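Some notes on the structure that comes next.
The values are calculated or read from the model by the stated rules, or taken from the named source; none is laboratory data. Everything numeric here is computed off the predicted structure, so don't read it as measured data. All Cβ positions, glycine included, derive from the backbone under ideal geometry; neighbour counts span all protein chains shown. Please note that ligands, DNA and RNA were not included when accessible areas were found on the heavy atoms of the full protein model with its side chains. Shrake-Rupley method; radii C 1.70, N 1.55, O 1.52, S 1.80 Å.
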There are 4 protein chains.
Amino acid sequence: MTKIKAGIIGAAGYTGGELARLLLNHPNCELISIHSNSQKGKKIYETHPDLIGDSDLIFTDHVHTDLDVVFLALPHGEAKGFLERHQYPKETIIIDLSTDYRDESEDFVYGLPEINKSRIMTAKKIANPGCFATAIQLAVAPAVAHRLVAGDIHVTGITGSTGAGKQMNEFTHFTQRNQNISVYKLFNHQHLKEINATLVALDKDFKKEILFVPYRGNFSRGIWITAYFPYNRTLEDAYAMYREFYQEEAFTHVSDKEISLKQVVNTNKCIIHLQNLQGQLVVTAAIDNLVKGASGQAVHNLNLAMGFEETAGLHLKSIAF
Amino acid sequence: MTKIKAGIIGAAGYTGGELARLLLNHPNCELISIHSNSQKGKKIYETHPDLIGDSDLIFTDHVHTDLDVVFLALPHGEAKGFLERHQYPKETIIIDLSTDYRDESEDFVYGLPEINKSRIMTAKKIANPGCFATAIQLAVAPAVAHRLVAGDIHVTGITGSTGAGKQMNEFTHFTQRNQNISVYKLFNHQHLKEINATLVALDKDFKKEILFVPYRGNFSRGIWITAYFPYNRTLEDAYAMYREFYQEEAFTHVSDKEISLKQVVNTNKCIIHLQNLQGQLVVTAAIDNLVKGASGQAVHNLNLAMGFEETAGLHLKSIAF
Amino acid sequence: MTKIKAGIIGAAGYTGGELARLLLNHPNCELISIHSNSQKGKKIYETHPDLIGDSDLIFTDHVHTDLDVVFLALPHGEAKGFLERHQYPKETIIIDLSTDYRDESEDFVYGLPEINKSRIMTAKKIANPGCFATAIQLAVAPAVAHRLVAGDIHVTGITGSTGAGKQMNEFTHFTQRNQNISVYKLFNHQHLKEINATLVALDKDFKKEILFVPYRGNFSRGIWITAYFPYNRTLEDAYAMYREFYQEEAFTHVSDKEISLKQVVNTNKCIIHLQNLQGQLVVTAAIDNLVKGASGQAVHNLNLAMGFEETAGLHLKSIAF
Amino acid sequence: MTKIKAGIIGAAGYTGGELARLLLNHPNCELISIHSNSQKGKKIYETHPDLIGDSDLIFTDHVHTDLDVVFLALPHGEAKGFLERHQYPKETIIIDLSTDYRDESEDFVYGLPEINKSRIMTAKKIANPGCFATAIQLAVAPAVAHRLVAGDIHVTGITGSTGAGKQMNEFTHFTQRNQNISVYKLFNHQHLKEINATLVALDKDFKKEILFVPYRGNFSRGIWITAYFPYNRTLEDAYAMYREFYQEEAFTHVSDKEISLKQVVNTNKCIIHLQNLQGQLVVTAAIDNLVKGASGQAVHNLNLAMGFEETAGLHLKSIAF
């Protein structure tokens, strides 16, 4: 089987590194170009030292355009400028991991497979969702689609430190973050915009508030979501509804047991659990922010767009412990 | 100055150990009796090895009643039976750290100093509040007292592992808890009862729901609370109200800067921060669950009941980092 | 391609779970039997909840013997009794992860691929090495084989909590282990025996002491080794010797950059770095205790014994961060 | 009682902050000046937010010299220049926490109380020891003083992240350091110089090598030391020797039970445990790098130099859990 040719722009960062880890083991892809201005000339395992023995690729600042797929793993706000400066062939699939095209501008399709699968399968330009956005949308989408959200949605999310990227600041300093907890961007996280867009697409009359409290957790990987909203049916109905909504999905699973974050760390899974308490449907959900919340979902989108097996390259061993 | 004689029943557990750590350095107390059936005959530093060099006290299963103050640090449900079997002199101050008397039965006073200070000052029997209960009450009390809570209260709390005590189970196993997150007792935490009792005491018409999502955090000490509720005044009003409410308090501080959990770990402080967002007053608060949420508050209650300086024995160096 | 039939005895523990995670994704194997007395009747994902969506296998206490390979993941000391009670066909490959047969009794071959590859390729019974033993042997084997260890070997090792298995005790309690460090089995770790056997096999005159200080680390997965010994050649010679020794190895890599533990976590790699300081060759090495130090190495041994591609089922994405 | 006037130069860093935490609760001191160029004009609790409610001191870039004691908590190499530019009265006690005067140049006395107590008691200028140096010296001093170290000393040390200070780099980035282990400055740590000077002072013929492997640990506070060396007496002799050596010491305790790091975290203690194995005396020791290894020891030195009670201001509650 011939493999398609893949490249990563911004391959030195966290999501770029995760893309490389996934693509190096993808049965249908050959990673041929890793772009980084800052790491130019270095071998891939000098920057991502866990990749020693896996690849001798060298970072370049040359932009290869002769690719079947290019992943843009640039800082938010830089993808648009990059695509203005660099032209890819029409048939090249472009998957952008930043916020730049999540409004589906310029023919981009919002790449949340559980919601937009058929559109992704024919897309050439895919805007990969945000990590919190992925988890929150999957936690509430079935209920929104069935118009069973009977009031405002209250959400807490806790993210690992990798969500903040490689940058160094007070909140990524080990001494500060270790054994610590804090909140940020209260009710005002930038992902709320893309979440709302999806929910309105599922229910054009959706007008509920989403009150979202994001926490900085003292762990490296993973996102936990607890979402609840007034709900007037039984728990059995809720499970039936969620199971039906996700029954064809390869990575999103509904669990009738209580869940914990480490069930999903280092995998492309989203696991969801439901409870019905005091008139509220309480949904807990967990993903790995860098895999299902970023690079794994991007590979999933590639698989869909190319007609590969949906799980190709994504049979990932969880960290488990 | 003569020191009063203090004893601890259940001195082998986490809160019992913390009481010993505090009382050994208290200027007005002499810890003379540490009771434990399981550790009987051992030196205190065999069970609490950090106390090497500080004390040679020996655990006993004999119940000394010739004490000025006794702290009951027994498992929930065992204090009542203990006090039925053992009689203390009328003038002995009894401070119970369990849930058994938080309903103020049998002449116990609910020992939350910021709310009940004058009653504690004349009490002989004090029921020490729960850890989550302490933080949640302090986070919302001023607004409740001013009848400015204009809707239901949504609360998330994250607790360190010490909140679960010494018992070993899946959720206190290092391999399971490390780098992990999960929820428990959703909307149904046992502390809601004592919280409601206080809030009704502050506003007899208080009838709002408290929807409380408790998280298990992957750290040892500390409790973080985020509480929000509809609120119709300005943020300045809120700060003025909270500052006025706590202005005489030695341990509860209102911060106009964002806070983080480690500001309070290993201290008796509660630090509170306010934001006014989308019509909600959002209150974040942090305490150390074992100090302000248990043993430190118990010593504070002792200080009040004995007329000692309020901060005696509680000038604690925070862990800071 | 037909797949071979695999079973796991003791599939509920940590190494049993890791075997399941690996075998479920192995291209040449079908996991058909997971044995556990304690979990009998449960689905695999009730015990290993990260496997939801991956398999509906059910634990059984029936011992299937119609297997191409069986992995014994029993507590140390129980494999021997198990094999006395249960007879497998002669052609079934038996891979034991306990200490029971690491002395190569009863025709078992010591399954350290970097040293014993040709013997493993023709073996039917394989004794999988211990985790510390794996790392220490790989760290010193080239120098021992070349008789360049000119004095005693000083080793420190730090292990994650998973090394202690599922059992609950003081040292696996989160509150105790979190942010803590301690040593155990000083100079007396049970793996020293198998290490010595290998080193004597590499150099029949090897008589140096190995002084090994094992640490309990406050992390879940991974083993770090620092080993040093008097050495009279140049660093360049040392690198050449180690690189030559491991040049054919799929999983053991020599790095000329300083290493860190997380380079290998959740992979089957061993990464080794060398320094020559004050007349000592200082070797640092890292493995994942549950993968390269247990279940991954067991699968590697299976691959060798069956003639599969050496890396089959072992292209694992590292945790990286 | 009148209190002496204390100041801190470099009060914004980790050790400067710890000094402030200690001095604010010191019964004989009043902290009147906190110097920092970078934080000038800020309140102390804006930079050290755990100090909210404890002090309203304001950082200044003015150098007060009218002090009874000044602590220099500057980066290594900057104390010397500072003292050239700023003149303190002859009677002001100067305690420098940097490496600059640990060679006892310019009349400084090396401030390790367990070794140099009588000299410290009459000193005006005190060079506070390094953190690793403190722990290693206390671990081996009795045996060196008795000339019972019969061969080279092998040492591993593991330090918390606070040892690296506030600076941000790869090794203080949470995502990198969390759940990770690495070594640095192998056999070449800068503290070896001051350690050797002390050991030669204890035994002028001391010529053994100290082979020191320093580890970066994934925790915030604390230093663990394992040191061993050939030794020809019994374990009982060793315990007697260590106990006798430290019997007058307020903070250094010999434990006949195995120890763990958290016994000392947030205290000024050093706890030492001994084993006699394979002809080696194995010493494990633990300190808090910022307290006993820096600011607490500096306060201890102040107490000695001023004739205060040795433990004044240093009755610290350990973190315990």
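Output yes when any residue across the stretch A:286-297 is away from chain C (no Cβ under 14 Å), open to solvent by less than 10 Å² (accessible area, probe 1.4 Å) and either without any contact (Cβ under 8 Å) to a residue 60 or more places away in the chain or out of contact with any helix residue (DSSP H, G or I) (no Cβ under 9 Å at 6 or more places or on another chain) (or both), and no when none is. Full working, then the answer.
To start, the set of residues in the stretch A:286-297 that are away from chain C (no Cβ under 14 Å) comprises A:297.
In the following step, the residues that additionally are open to solvent by less than 10 Å² (accessible area, probe 1.4 Å) were identified as A:297.
Of the ones still in play, those that are also either without any contact (Cβ under 8 Å) to a residue 60 or more places away in the chain or out of contact with any helix residue (DSSP H, G or I) (no Cβ under 9 Å at 6 or more places or on another chain) (or both) are none.
The answer is no, given that none of the residues of the stretch A:286-297 is away from chain C (no Cβ under 14 Å), open to solvent by less than 10 Å² (accessible area, probe 1.4 Å) and either without any contact (Cβ under 8 Å) to a residue 60 or more places away in the chain or out of contact with any helix residue (DSSP H, G or I) (no Cβ under 9 Å at 6 or more places or on another chain) (or both).
Restricting to the stretch D:254-270, count the residues that are assigned to a loop (DSSP other than H, G, I, E, B) and of a type in the set (A, V, I, L, M). Outline the logic, then answer.
Quick first cut of the stretch D:254-270, residues assigned to a loop (DSSP other than H, G, I, E, B) only: D:256-260, D:264-269.
Those still in the list that are of a type in the set (A, V, I, L, M) too: D:259, D:264-265.
Going through the stretch D:254-270 one residue at a time, the tally reaches 3.
Looking at this structure, is A:GLY16 assigned to a helix (DSSP H, G or I) and not hydrophobic (A, V, I, L, M, F, W, C)? Write out each step before concluding.
Values: assigned to a helix (DSSP H, G or I): yes; not hydrophobic (A, V, I, L, M, F, W, C): yes.
Yes: the conditions hold for A:GLY16.
Taking the criterion of being of a type in the set (A, V, I, L, M, F, W, C), more than 19 Å from A:GLY13 (Cα to Cα) and part of a loop (DSSP other than H, G, I, E, B), would at least one residue in the stretch A:45-55 satisfy it? Steps first, answer last, please.
Kept after step one, since they are of a type in the set (A, V, I, L, M, F, W, C), are these residues of the stretch A:45-55: A:51-52.
Remaining after also requiring more than 19 Å from A:GLY13 (Cα to Cα): none.
No, that holds for no residue.
Looking at the stretch A:102-126, I want the residues that are without any contact (Cβ under 8 Å) to a residue 60 or more places away in the chain and have a partner that is in a helix (DSSP H, G or I) and open to solvent by 90 Å² or more (accessible area, probe 1.4 Å) with Cβ atoms under 8 Å, at least 6 apart or on another chain. Which pairs are those?
A:VAL109/A:ARG119; A:LYS125/A:GLU106; A:LYS125/A:ASP107
Suppose we filter D:PHE229, D:PHE321, D:PHE219 for residues that are among the aromatic types (Phe, Trp, Tyr) and modelled with pLDDT under 95; which single one remains? Break it down stepwise before answering.
Values: D:PHE229 fails: modelled with pLDDT under 95; D:PHE219 fails: modelled with pLDDT under 95.
Step by step, each of D:PHE229, D:PHE321, D:PHE219 is checked, and only D:PHE321 is among the aromatic types (Phe, Trp, Tyr) and modelled with pLDDT under 95.
For A:GLU91, state whether it is charged (D, E, K, R) and closer than 25 Å to A:MET121 by Cα. Explain how you work it out, then say what you get.
On the way: charged (D, E, K, R): yes; closer than 25 Å to A:MET121 by Cα: yes.
Judged against the criteria, A:GLU91 is a match.
Within the stretch C:298-312, which residues are surrounded by 24 or more Cβ atoms within 10 Å (Cβ to Cβ) and touching a strand residue (DSSP E or B) at 6+ places or on another chain (Cβ under 8 Å)? Show your work before the answer.
Step one: list which residues in the stretch C:298-312 are surrounded by 24 or more Cβ atoms within 10 Å (Cβ to Cβ), which gives C:298-302.
Answer for the stretch C:298-312, where residues must be surrounded by 24 or more Cβ atoms within 10 Å (Cβ to Cβ) and touching a strand residue (DSSP E or B) at 6+ places or on another chain (Cβ under 8 Å): C:ALA298, C:ASN301, C:LEU302.
If I ask for residues that are in a loop (DSSP other than H, G, I, E, B) and open to solvent by 70 Å² or more (accessible area, probe 1.4 Å), which ones from the stretch D:27-44 would you list?
Just the residues of the stretch D:27-44 that are in a loop (DSSP other than H, G, I, E, B), to begin with: D:27-28, D:36-42.
Passing the criteria: D:ASN37, D:SER38, D:LYS40, D:LYS42.
I'd like the residue in the stretch A:31-43 that is farther than 16 Å from A:LEU74 by Cα and in contact with a strand residue (DSSP E or B) (Cβ under 6 Å, 6 or more places away or on another chain) and, out of all such residues, is farthest from the other protein chains (Cβ to nearest Cβ). Spell out the reasoning first.
So in the stretch A:31-43, the residues farther than 16 Å from A:LEU74 by Cα come out as A:31-32, A:41-43.
From the residues that got through so far, the ones that are in contact with a strand residue (DSSP E or B) (Cβ under 6 Å, 6 or more places away or on another chain) too are A:31-32, A:43.
Working: A:LEU31: 14, A:ILE32: 18, A:LYS43: 10 Å.
Looking at the filtered set, the residue picked out is A:ILE32.
Go through the stretch C:124-179 residue by residue and tally those that are among the aliphatic types (A, V, I, L, M) and more than 19 Å from the chain's Cα centre (by Cα).
8
In the stretch D:111-142, which residues are open to solvent by 10 Å² or more (accessible area, probe 1.4 Å) and hydroxyl-bearing (Ser, Thr, Tyr)?
D:SER118, D:THR122
Which one of these is more than 22 Å from B:TYR215 (Cβ to Cβ) and either more than 7 Å from every other protein chain (Cβ to nearest Cβ) or over 15 Å from the mean Cα position of the chain (by Cα) (or both): A:GLU258, A:GLU309?
Values: A:GLU258 fails: more than 22 Å from B:TYR215 (Cβ to Cβ).
So the residue among A:GLU258, A:GLU309 that is more than 22 Å from B:TYR215 (Cβ to Cβ) and either more than 7 Å from every other protein chain (Cβ to nearest Cβ) or over 15 Å from the mean Cα position of the chain (by Cα) (or both) is A:GLU309.
For the stretch C:165-253, list the helices (runs of 4 or more DSSP H) that sit wholly inside it and hold at least 2 residues that are within 14 Å of chain B (Cβ to nearest Cβ) and open to solvent by less than 20 Å² (accessible area, probe 1.4 Å); which are they? Quick ask: steps written out before the conclusion?
Numbers: elements: C:174-177, C:192-202, C:235-245.
Once the helices (runs of 4 or more DSSP H) in the stretch C:165-253 are filtered for at least 2 residues that are within 14 Å of chain B (Cβ to nearest Cβ) and open to solvent by less than 20 Å² (accessible area, probe 1.4 Å), what remains is C:174-177.
Going by what's in this entry, would A:GLY313 be described as assigned to a loop (DSSP other than H, G, I, E, B) and outside the structural domain of A:ALA150 (by TED's automatic domain parsing)?
yes
In the stretch B:269-285, which residues are in contact with a Pro (Cβ under 9 Å, 6 or more places away or on another chain) and open to solvent by 10 Å² or more (accessible area, probe 1.4 Å)?
B:GLY279, B:GLN280
What about B:PHE71, is it open to solvent by less than 40 Å² (accessible area, probe 1.4 Å), part of a strand (DSSP E or B), touching a residue at least 12 places away in the same chain (Cβ under 8 Å) and of a type outside the set (Asp, Glu)? I'd like the intermediate steps shown before the answer.
Numbers: open to solvent by less than 40 Å² (accessible area, probe 1.4 Å): yes; part of a strand (DSSP E or B): yes; touching a residue at least 12 places away in the same chain (Cβ under 8 Å): yes; of a type outside the set (Asp, Glu): yes.
Yes; evaluated as a whole, the condition is true for this residue.
Can you report the number of residues in the stretch C:245-277 which are among the charged types (D, E, K, R) and touching a residue at least 60 places away in the same chain (Cβ under 8 Å)?
Here is the first cut: in the stretch C:245-277, the residues among the charged types (D, E, K, R) are C:248-249, C:256-258, C:262, C:269.
Those left that are additionally touching a residue at least 60 places away in the same chain (Cβ under 8 Å): C:249.
Here the count works out to 1.
Tell me, yes or no, whether the stretch C:93-110 has at least one residue that is of a type in the set (Asp, Glu) and crowded, with 24+ Cβ neighbours inside 10 Å. Can you show your working first?
Filtering the stretch C:93-110 for residues of a type in the set (Asp, Glu) gives C:96, C:100, C:103-104, C:106-107.
Pick out the ones that are also crowded, with 24+ Cβ neighbours inside 10 Å and you get C:96.
Yes, the conditions are met somewhere in the stretch C:93-110.
Assess whether B:HIS76 counts as being within 13 Å of chain D (Cβ to nearest Cβ) and in contact (Cβ under 8 Å) with a residue 24 or more places away in the chain. Reasoning before the result, please.
On the way: within 13 Å of chain D (Cβ to nearest Cβ): no; in contact (Cβ under 8 Å) with a residue 24 or more places away in the chain: yes.
Here the answer is no, as B:HIS76 does not meet what is asked.
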